[in-house]
Structures are given as structure tokens and as C-alpha cells.
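Encoded as C-alpha cells, the structure appears first; notes follow it.
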Amino acid sequence: MQDQTFGSKAQIHTAVERHFQLYPASLLIDVYKSFFQVEHGPGHLLKDPDAARKRFDQELSDMTSRGRYTLEPCGLGLRFCRVNRIVQQTG
């Protein structure tokens, strides 16, 4: 039975290739983080939701688009993805 989180070797290979196509200067730790986020989700990031919201709002107000990707799959792209915060600002 195939693990639904990590997928087959071919799926992992494709996901890693995709990551390096988007971010050629990436390091192995960046790929690891992408798969880590799939396994653990975003909940591990927030110890103080109110402080996180304030920081998020501040970053968003200071943000300008650099024309980067608006959606990036994490890991295999089956469970989570990252959304560029500029999307919230611009709709």
C-alpha cells in the first residue's frame, strides 16, 4: 500500500524537480521544509495567533508584488500549498 503523504518515488522525484525549477538556488533544507509542511500542516507555526495576525497584517501592508508565483504546492501538492500573501491584498 502506498503512503498517501509521501507518494511513490516517481511522485517525489517530480515534486523535487518542480521545486528546483521554481527555485533553482534552493538547498536540500528547502525541499525538506516543503515536505515537512505537508506532514505537519501550518498549525505548528503559531504559538501566539494574535501576535502572528499583527505581524501578518504588517507584512501585508508593506508588501509589493515581485511577480512571483501566487500558488506553490507543498511536497507532492496533494494536501497543502503555499499561497503568496499578495493574493489576499489584491484579491
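Every read-out reported here was derived from the displayed coordinates using simple, explicitly stated rules and does not represent laboratory data. Please read these numbers as outputs of a predicted model, since none were measured by experiment. When we count neighbours, we look across all protein chains shown, and the Cβ atoms used for this are built from the backbone with ideal geometry, even at glycine.
Could you pull out every residue, at least 5 positions away or on a different chain, whose amide H is within less than 5 Å of the one on CYS81? Hs are placed 1.01 Å off N in the peptide plane, and Pro or chain starts have none.
The answer is CYS74.
Mind checking the full-extension length gain between LEU46 and THR14? Use 0.36 nm per residue of separation minus the Cα-Cα distance, one decimal, nm.
Residue separation times 0.36 nm, minus the Cα-Cα distance, leaves 8.5 nm.
In what sequence do SER34, SER26 fall when counting other Cβ within 10 Å, fewest first?
SER26, SER34
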